[in-house]
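Every read-out reported here was derived from the displayed coordinates using simple, explicitly stated rules and does not represent laboratory data. Bear in mind the structure is a predicted one, so any value in this text is a computation, not a measurement. Counting neighbours? That spans all protein chains shown, and the Cβs are built from the backbone with ideal geometry, glycine included.
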Amino acid sequence: LATAAIAAALTATAQTAAAACDDGEVVIKFSHVTNTDRHPKGIAASLLMERVNEEMNGKACMEVFPNSTLYNDDQVLEAMLQGDVQMAAPSLSKFEQFTKVFRIFDLPFMFKNINAVNEFQNSETGQAMKESMARRGLLGLGFWHNGMKQMSASKPLISPEDAAGLKFRVQPSDVLKAQFEALDASPQPMAFSEVYGALQTGVVDGQENTWSNIYGQKFFEVQDGTTETNHGVLDYMLVTSTDWWDGLSDDVRDQLTTIINEVTDERNAAVGEVDMQARQAVLDAGAEIRELDADQRQAWVDAMKPVWEQFTDDVGQENIDAAQAINA
Ligand code: LMR
């Protein structure tokens, strides 16, 4: 009897989930890989869902699948082109198969902070990047911020030499691979959902990510402290399929665009706060955060910045100059 009751309850739950979208509504599946609270992307995706479901009720319906429960980032863009998912917000490091223009965001020490990133993205060059994958069937709808990356390993990282010989998990980006090679370390591309286990079992020794990801995935539990390097940026492109987007009625597309732009502005403006809360949560969990003094930080700059030369042709010297002018 108990089993039957549980089965009935499960069926009811499944029906409720399926019934979330009504007949005739445009169904928008949004797949992502992070947690939902205390996370810039998680919060933004949930807010987008809430607003679409409230304001577009009867016309459109959004379902968010967080925590890699539907797809990981290696799969999601292909799934989007197949029409199995309509929105995602992979980090800018995950678009290598589609465009090389985002490589500027992976170059170490290119942007001094998230405000500089914001200004660059909102420039004409930055905004044009949303269209850079149109030929490949993907359309950028907006940049979503996460924050600056920090570095951790199974031993303290104070000078760049400390990273030599270690294996670091990287997102699948040639720039990030080159960055760790410049430290005489060994980069290992790996899906986000696998990083904790790989750090725990020693498959890799270290990683780089933002405070919200370090906190959300609990990387600090299986690392010897985190060094506050702020050496690079991790941001996202909210992306959709060009075919699907073009197929929407003008009315639905316009209303969706307005909501997306408002959510993007609101959450991007709040990202510093979410970042600092995640940093504090790492401290509160008892993990160590190591700050670098100016000389120590300069040693990391000197070790990693030569990587720019390898990618100047991909990203354009004029874009590097524009980014540096914003930093100044
Ligand atoms: C990562 O793979 O480390 C990040 O791109 C995950 C994310 O979406 O923040």
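Just a few scattered comments:
- Ratio of Rg to Rh over the range 71-212 (Cα coordinates, Kirkwood Rh, two decimals): 0.98
- MRE, 222 nm, helices only [DSSP H, n ≥ 4, -39500 (n - 2.57), over the chain, to nearest 500]: -13500 deg cm²/dmol
- Net charge dipole size for the range 158-225 [Lys, Arg +1 and Asp, Glu -1 on Cβ; Debye, nearest 20]: 240
- If the Kirkwood radius is taken over C-alpha pairs of the range 227-295, then at 20 °C and 1.002 mPa s the Stokes-Einstein diffusion coefficient equals 136 µm²/s.
- For the range 45-50, backbone phi angles converted through the Karplus equation (6.51, -1.76, 1.60; θ = phi - 60°) give residue-by-residue couplings of 5, 5, 5, 4, 4, 4 Hz, Gly and Pro being listed as x.
- Computed lengthening from D313 to V252, 0.36 nm per intervening residue step minus Cα-Cα distance: 18.0 nm
- Whole-Hz Karplus values for the range 62-77 come out as 10, 10, 9, 10, x, 6, 6, 6, 9, 9, 8, 5, 6, 9, 5, 6 Hz, taken residue by residue from phi with 6.51 cos²θ - 1.76 cosθ + 1.60 and θ = phi - 60°; glycine and proline positions read x.
- Amide H partners (placed H, <5 Å) of F65, local residues excluded: F30, S31, H32
- Neighbourhood charge, 11 Å Cβ-Cβ cut-off, centred on S159 and excluding it, Lys, Arg +1 and Asp, Glu -1: -3
- Cross-link table K100/K155; K149/K218; K149/K177; K29/K218; K218/K305; K29/K149, entries beyond 25 Å C-alpha to C-alpha: K100/K155; K29/K218; K218/K305; K29/K149
- Per-residue 3J(HN,Hα) values for the range 188-199, derived from phi via the Karplus relation 6.51 cos²θ - 1.76 cosθ + 1.60 with θ = phi - 60°, read 10, x, 7, 5, 3, 5, 9, 5, 4, x, 5, 5 Hz in sequence order (x marks Gly and Pro).
- Rg and Dmax of the chain, both derived from C-alpha coordinates alone, stand at 20.6, 71 Å.
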